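Here's the structure, in structure tokens; my notes come after.
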Amino acid sequence: MDQNLVDLTEKLSLSSNKIVLTSSDGDSFEIHEAVARKSQTIAEMLDAGCTGTIPLHNVTGKILDRVIDYCITHVKEDGPFEEEEEAEEKEAKKKWDAEFVKVDLETIFELILAANYLNIKGLIGLTSQAVADHIKDKTPEDVREIFGIENDFTPEEEEAVRNEHAWAFEDSK
Amino acid sequence: MDLRLPSKVLEHIFSFVDSNEDRNSVSLVCKSWFETERLTRKRVFVRNCYAVTPAAVARRFPGMRSLTLKGKPHFADYNLVPDGWGGYAWPWVEAMGEKYPALEELRLKRMVVTDECLEKIAASFKEFKALVLTSCEGFSTDGLAAIAVACSNLRELELRECIVEDLGGDWLSYFPETLTSLVSLDFSCLDSAVKLSDLERLVSRSPHLKSLKLNRAVSLDALGNLLRLAPQLVELGTGSFSDKLNQEAVSKLSQAFSELKELKSLSGLWDVLPEYIPLLYSVCPGLTSLNLSYATVQMPDLVELLSRCSKLEKLWVMDLIEDKGLEAVASSCKELRELRVFPSGADVDETNVAMTEQGLVTVSEACPNLESVLYFCAQFTNAAMVTIAKNRPNLKCFRLCVMEPFAPDHKTQQPLDEGFKAIVESCKDLQRLSVSGLLTDKAFEYIGTHGKKLRMLSIAFAGDSDLMLHHLLSGCESLNKLEIRDCPFGDTALLENAAKLETMRSLWMSSCCVSFGACKLLSQKMPKLNVEVIDEQHLTETGPDSSPVEKIYIYRTLAGPRVDMPEFVWTIHKNPEIGVSHLAIE
């Protein structure tokens, strides 16, 4: 992947600027500017004149590493380097994405928070879908357990909502 | 895991949570999820328009884009619900129009929709995209014109089996030249002819048009032009199929049909002449849905047609198909999921219509995916039902309409109890059942014992006693809708199972033996139900408590008594001081 990227930047004769991102726990990552710009947040910082090192206080090294992997894989989309992709390449990316979210739920949550903070559109979508898949066809009790969420409805409040669903907003025809 | 997802992130996640069931679950997780979910729910389904107020719905789901509503009870289809009973769309349109102008889709079934309503939709919702009206009434073609002229992003306009005051075909000409977004147009239930040149222009500027259902007034000749303009159609409802065309026109039409490479669904075919049926052969291999309920095609032609439809999943046809035609279906249509056979009204003696229980048995043997059946038939046997049940334990919907009330098994003269027993015992996932013919208490005992997944049950002209109703209400755990006509069911079963009624959407009983006194008692005992007595003869209120009521419609509601009741509907809210009779309740 890296060699392709080098070729790409050379081809387009754009500067091969490197940006350094540091995580909340002190890890540093040097990446191409094109990759960094997948994050709308970082892109705005760069446009506003930030140079050199960009500290990301909200993202751990472990997660930032994965996020950068995503950005590198998807660097060719929606940006100045956008190219028409072969069907094979699209298929390969789909598979890569599917593997990317085959991690424990806690990691997915950290990824979705990072994606949101860094405003990386494709990653937000990918991780949101992954979380949504864990919600489908589950009861509220199941969802609470999976997500570690406490039920803060009173019994009366919960009963009222359940009734409203059954009586007014019924599932089936 | 200490998880605190900001609402922005929750919004992203919920944008991938689509089904009603999942959204209902999600909103029960905790209060912040409830809040985010309600602000992001786009599609709202209200299965009984009187179960909740429009204001409450609008308040909870301010971001709603699509609203689906149902009004009158199902038996309205058989003219059992008097005109003026209710089911008005206006309060909903008014409530949404004032505060929530982002509405894009309205799907209404069995509701009264006025021209005023349609004009309000056209004026209030700038992004309006889809209007689908099924079995609705109360509007005229002027209302359609209002929608056509104003809704510049319109994608769907579908009128399915509506009763429309037809003031002419001009309405179609109101679609502006700038409208190019149409995906689906269904005006099959209208009578008047539309201006053909305007229709052609509309079709030719609608590159996304996938579904076109014409009315009978569109001739066969005109059809050819339209098909050439829209070869991308997936669903086609033709107009009248009976002009006398010359050879050249026939061959051009045949060519046009063969260009419909995407066609999956075909309907219409009014007055189809046998010599034109071969025109359809080229599209048959691709069809998954075929609706011949308006086409008086005789059996031999049906066999020719259906033997070419190997991918067919849904078939609606008249009993002109006969047993022989159903044999052809059995041998050719292995993917069949849904079969509906309607009565043609053809006199048996005259045209020798020979459709019996055997036809359905044959299909049940040969079509492994058959899960939904509606079968009108002159007579039936227990043995046939036992065989069907054995062949197709995967049935989800079984509606048998033996047309003669109280008709027994025509071979053994026995009641049809054992047949229905076999059905409910074998078909463990059966959700919808209609029974008919001669039935005793036993049939209902069986249904109560075995029909655990049954959600909707329709009964007519059946029964010996009140016990039967008791079996159903106490046994059918999943029962959601029960509709009964002309059965000797009365007070005891109803009052003993009063609590059950809060677990169901609705109960309809007409020409039964329920007394006015019982209705009053039930109303007092169960304040969360609307107990409506329909009393067109005005006998009930002035008569004794023991007098039987014509019709009752009982449904659970969060909205309290409705404010739009006509004078022939009585509820206890009209007369709360009326005393309780001496009937005891458990």
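The values are calculated or read from the model by the stated rules, or taken from the named source; none is laboratory data. Just so it is clear, the structure is predicted and the values come from calculations on it, not from any experiment. Every residue, glycine among them, receives a Cβ derived from its backbone with ideal geometry; neighbour counts consider all protein chains shown. All accessible areas refer to the heavy atoms of the entire protein, side chains included, with ligands and DNA or RNA removed. Shrake-Rupley method; radii C 1.70, N 1.55, O 1.52, S 1.80 Å.
Evaluate the charge dipole of chain B about its Cα centre and quote only its size in Debye, nearest 20, assuming +1 on the Cβ of each Lys and Arg and -1 on the Cβ of each Asp and Glu.
2520 debye
When the accessible area of the stretch B:41-154 is computed with all protein chains present and a 1.4 Å probe, what percentage of it is carbon and sulfur?
50 percent
Got a number for carbon plus sulfur as a percent of the stretch B:173-247's accessible area, 1.4 Å probe?
Accessible surface attributable to carbon and sulfur in the stretch B:173-247 totals 50 percent.
How big is the shadow of the Cα convex hull of the stretch B:195-286, averaged over all directions, in nm²? It would help to have the intermediate numbers written out before the result.
Working: hull surface 21.0 nm².
Seen from a random direction, the Cα hull of the stretch B:195-286 projects 5.2 nm² on average.
Decide, for the stretch A:36-145, between rounded, prolate and oblate: order the square roots of the alpha carbon gyration tensor eigenvalues as a ≥ b ≥ c, take rounded if a/c falls under 1.5, and otherwise choose prolate if a/b is larger than b/c, else oblate. Show your work: numbers first, answer last.
Details: a/c = 2.38, a/b = 1.32, b/c = 1.81.
Verdict is oblate for the stretch A:36-145.
Run the reach check for A:Lys18 against aspartates and glutamates, Cα to Cα strictly under 12 Å, same-chain hits fewer than 8 apart removed. What comes back?
Here the aspartates and glutamates satisfying the reach criterion relative to A:Lys18 are A:Glu30, A:Glu33.
What is the distance, in nm, between label points placed 7 Å from the Cα along the Cα-to-Cβ direction at B:Glu127 and at A:Ala43?
2.3 nm
So, counting K/R as plus one and D/E as minus one, what does the shell of residues with Cβ under 13 Å around B:Ser465 add up to?
-4
For an R0 of 30 angstrom, estimate the FRET efficiency from the Cβ-Cβ distance between B:Ser478 and B:Ser546 and round to the nearest 0.05.
Values: r = 34 Å, r/R0 = 1.12.
About 0.35, to the nearest 0.05.
Over the Cα atoms of the stretch B:266-367, compute the convex hull volume and normalise it per residue, giving Å³. Walk me through the intermediate numbers first.
Numbers: hull volume 8.3 nm³, N = 102.
Given the Cα convex hull of the stretch B:266-367, per-residue volume reads 81 Å³.
Taking the convex hull of the Cα atoms, report for the stretch B:36-141 its projected area averaged over all directions, in nm². Spell out each step's value before the answer.
On the way: hull surface 25.8 nm².
That works out to 6.5 nm², a quarter of the Cα hull's surface.
Of the peptides A:43-53, B:460-470, how do they stack up when ordered by the mean number of other Cβ atoms within 10 Å, highest first?
My ranking of the peptides, most packed first, is B:460-470, A:43-53.
Using +1 at the Cβ of each Lys and Arg and -1 at the Cβ of each Asp and Glu in the protein assembly as shown, identify which of B:Cys136, B:Ser547, B:Ser25 lies farthest towards the dipole's positive end.
Checked the options; the winner is B:Ser25.
For the stretch B:231-375, what does the accessible surface come to per residue with a 1.4 Å probe? Please give it in Å².
Accessible surface, normalised per residue, equals 41 Å².
Return the lysines within reach of B:Lys120: Cα separation strictly under 23 angstrom, same-chain partners fewer than 8 residues apart disregarded; answer none if there are no such residues.
Straight-line reach from B:Lys120, under 23 Å: B:Lys42, B:Lys70, B:Lys72, B:Lys99, B:Lys109, B:Lys129.
In Å², rounded to the nearest 100, what is the total accessible surface buried by chains A and B against each other with a 1.4 Å probe?
3900 Å²
Which one, B:Cys117, B:Leu159, B:Leu67, is farthest towards the positive end of the dipole of the protein assembly as shown when Lys and Arg carry +1 and Asp and Glu -1 on their Cβ?
B:Leu67
Could you calculate the FRET efficiency of B:Ser204 with B:Glu116 from 1/(1 + (r/R0)^6), where r is the beta carbon distance between them and R0 is 41 Å, rounded to 0.05? Kindly include the intermediate steps, with their values, before the conclusion.
Details: r = 33 Å, r/R0 = 0.80.
According to the calculation, E is roughly 0.80.
So, with +1 on the Cβ of K and R and -1 on the Cβ of D and E, and no other charges, what is the size of the charge dipole of the protein assembly as shown about its Cα centre, to the nearest 20 debye? Don't jump to the answer; show the numbers that get you there.
On the way: 82 positive and 119 negative charges, 25 e Å.
The dipole of the protein assembly as shown has a size of about 120 debye.
Could you tell me which of B:Gly224, B:Leu214, B:Gly168 has its Cα farthest along the dipole of the stretch B:132-249 towards the positive end, charges placed at Cβ (Lys, Arg +1; Asp, Glu -1), taken about the Cα centre?
So the residue we want is B:Gly224.
Using alpha-carbon pairs under 8 Å, 6+ residues apart, how would you state the relative contact order of the stretch B:297-449 in percent?
18 percent
What distance in nm separates the simple spin-label points at B:Asp166 and B:Gln298, each placed 7 Å from Cα in the Cβ direction?
2.8 nm
Return the distance in nm (one decimal) between the two label points of a simple spin-label model at B:Gln255 and B:Gln413, each offset 7 Å from Cα along Cα→Cβ.
6.5 nm
Please report the carbon-and-sulfur percent of the accessible area for the stretch B:307-416; probe 1.4 Å, protein heavy atoms only, DNA, RNA and ligands left out.
Reported share for carbon and sulfur atoms: 49 percent.
Mind computing the radius of gyration and Dmax over the alpha-carbon atoms of the protein assembly as shown? Å is fine for both.
According to the Cα coordinates of the protein assembly as shown, Rg and Dmax are 30.6, 96 Å.
Mind pulling the per residue volume of the convex hull built on the Cα atoms of chain B? Å³ is fine. Please report the intermediate quantities before stating the final value.
Details: hull volume 105.0 nm³, N = 586.
Residue-normalised Cα hull volume stands at 179 Å³.
List nothing, just return the count: lysine pairs in the stretch B:411-531, 8 or more apart or interchain, with Cα separation under 16 Å.
Value for the stretch B:411-531: 13.
For a Förster distance of 30 Å, can you work out the FRET efficiency between the beta-carbons of A:Ile146 and A:Asp27, rounded to the nearest 0.05? Show your work: numbers first, answer last.
Values: r = 29 Å, r/R0 = 0.98.
The calculated FRET efficiency here is 0.55.
My understanding is that a pair violates if its Cα-Cα distance is over 24 Å; which of B:Lys210/B:Lys311; B:Lys126/B:Lys261; A:Lys62/A:Lys93 do that in this structure? Let's see the in-between values first.
Numbers: B:Lys210/B:Lys311 19 Å; B:Lys126/B:Lys261 35 Å; A:Lys62/A:Lys93 22 Å.
Checking Cα-Cα distances, B:Lys126/B:Lys261 exceed 24 Å.
Taking N as the number of residues in the stretch B:454-524, what value does Rg over Cα atoms divided by 2.2 N^0.38 Å take?
This ratio for the stretch B:454-524 stands at 0.99.
Give the lysines reachable from B:Lys244 as a straight Cα distance under 17 Å; neighbours fewer than 8 places away on the same chain don't count.
Output for B:Lys244: B:Lys252.
Return the Rg/Rh ratio of the stretch B:72-196 with Cα-based radii and a Kirkwood Rh. Display every interim value, and only then the final one.
Numbers: Rg = 14.1 Å, Rh = 14.7 Å.
Radius of gyration relative to Kirkwood radius: 0.96.
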